[in-house]
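Accompanying notes for the structure given below.
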Amino acid sequence: MSARPMQAAGVISLLMAGGHYVMGANELAPRIKKVRQVEASTALKGWYQGCFMYAVFGLNYLRLATVPSALYTTLDKAILTAQMAMHLFTLLGLQQTPPRVLSALVFALAGLGASGKIQG
């Protein structure tokens, strides 16, 4: 089995964390100055949570790349399922093209990596 699809999912997810941060700095930060403190605080928390989520997802994908999919624990499978559900939600629920495309790519790579059907 090749770990490359899961490794690729991990790297892309870590890059998504960086991209999410840059997007927020460029698009969200200027708008925050124009809203009330409560809304600004909520927006910043969501922005940081998104960055953290993608980083944690990436680290988990990289960790799973070191484990043969036949040896995934029940917890590994549950966490991976939740992560993939979040990518599917992004793919189906957001209008912006970059997050949708990247989520589809990570979803496919993680699915391939977890299936263990890629021989390399």
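The values are calculated or read from the model by the stated rules, or taken from the named source; none is laboratory data. Just so we're clear, the structure is a prediction, and the values are computed from it rather than from any experiment. In this analysis, Cβ positions are derived from the backbone assuming ideal geometry, glycine residues included, and neighbour counts consider all displayed protein chains. The accessibility values were calculated without ligands, DNA or RNA, using every heavy atom of the protein model including side chains. Shrake-Rupley method; radii C 1.70, N 1.55, O 1.52, S 1.80 Å.
Quick notes on this structure:
- Within the range 35-71, restricting attention to residues that are of a type in the set (D, E, K, R) and either in contact (Cβ under 8 Å) with a residue 24 or more places away in the chain or assigned to a helix (DSSP H, G or I) (or both), the residue that is surrounded by the fewest Cβ atoms within 10 Å (Cβ to Cβ) is K45.
- Pairs are defined by a Cβ separation below 7 Å, a sequence spacing of at least 6 or placement on different chains, a first member in the range 2-19 that is over 15 Å from M84 (Cβ atoms), and a second member that is crowded, with 24+ Cβ neighbours inside 10 Å and at pLDDT 95 or above; the pairs so defined are A17/Y54.
- Residue count for the range 1-27, restricted to those that are surrounded by fewer than 16 Cβ atoms within 10 Å (Cβ to Cβ) and within 20 Å of Q96 (Cα to Cα): 6.
- Note on the range 61-76: residues that are polar (S, T, N, Q) and under 13 Å from P5 (Cα atoms) amount to 2.
- Every residue from the range 72-92 that is within 22 Å of Y21 (Cα to Cα) and either of a type in the set (V, I, T) or in a loop (DSSP other than H, G, I, E, B) (or both): T90
- Residue that is nearest to N60 (Cα to Cα), among those in the range 101-115 that are under 11 Å from the mean Cα position of the chain (by Cα) and open to solvent by 40 Å² or more (accessible area, probe 1.4 Å): F107
- Qualifying residue in the range 92-108 (condition: at pLDDT below 95, touching a Phe, Trp or Tyr at 6+ places or on another chain (Cβ under 8 Å) and more than 21 Å from S2 (Cα to Cα)): no
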